[in-house]
Amino acid sequence: FYAAVFLCLFLLIEHYGHRSAIRGIWLGFALLAFFIGMTQFVLSTVATSDTRAFDLALHGTFTPAPRILLASLFAYFVSTYTALWIFAGMRERLPDAHVWVRTMLAVLCGQFLDSILFFSIAFGFSLPFPVLVAVMLGGFLTKSAMGALSLPFISLSSWYRKEARAEE
């Protein structure tokens, strides 16, 4: 999920500037908050006998969710803003040829913060410390690898923007 969010964030910065990306972050934050509200609403409804198994599955999945969802909101906000400022700040300092450096540095810093914040808040008091660190590392490596998959798309977008400016 966050790899796609970061890809969209970087594309917004490349084509429309960091102000549009900030609006995108707030839109994503609002949608995530809406999702949290809707899941809590669904959990508050009463199941019928036909949907009892589904209701039990929903409760099993989303009952511990408030702390996890709040951790997700906080980590989303901090990590996307961090990635935005790194990517946008480096955009002014590095030419288009180094778009991959900007992308990976922003992805790595954003995903590092996301992993530390999310897993600490969501599971910090329920997992032994060595397990928590292993989960953080696994989350960071997985999300960073997914972020690396965005490199061809960012590079292609940067090339397209450069070609469009050359035609003008």
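The values are calculated or read from the model by the stated rules, or taken from the named source; none is laboratory data. This is a predicted model, so every value here is computed, not measured. Note that we place each Cβ from the backbone using ideal geometry, even for glycine, and neighbour counts take in every protein chain shown. These accessible areas exclude ligands, DNA and RNA; they are computed on the full protein's heavy atoms, side chains included. Shrake-Rupley method; radii C 1.70, N 1.55, O 1.52, S 1.80 Å.
Restricting the range 1-52 to residues that are more than 25 Å from residue 145 (Cβ to Cβ) and outside any helix (DSSP H, G or I), the residue that is modelled with the highest pLDDT is 17. For residue 99, the test of being surrounded by 18 or more Cβ atoms within 10 Å (Cβ to Cβ), among the β-branched types (Val, Ile, Thr) and over 20 Å from residue 71 (Cα atoms) is passed.
Applying the set (1) over 21 Å from residue 7 (Cβ atoms); (2) buried (at least 17 other Cβ atoms within 10 Å of the Cβ) to residue 86 leaves exactly one unmet item: (1). A single entry from 16, 76 fulfils the requirement of being at negative phi and open to solvent by less than 60 Å² (accessible area, probe 1.4 Å): 76. With respect to being crowded, with 17+ Cβ neighbours inside 10 Å and either within 26 Å of residue 157 (Cα to Cα) or aliphatic (A, V, I, L, M) (or both), residue 142 falls outside the description. Remark: pairs (first residue in the range 36-50, closer than 14 Å to residue 61 by Cβ; second residue assigned to a loop (DSSP other than H, G, I, E, B) and of a type outside the set (A, V, I, L, M); Cβ separation under 8 Å; 6+ apart in sequence or on different chains) = 43/63. Residue 125 meets all of the listed conditions (1) part of a helix (DSSP H, G or I); (2) open to solvent by 70 Å² or more (accessible area, probe 1.4 Å) but one, namely (1).
Per this entry, residue 108 is not counted among residues that are closer than 30 Å to residue 163 by Cα and open to solvent by less than 20 Å² (accessible area, probe 1.4 Å).
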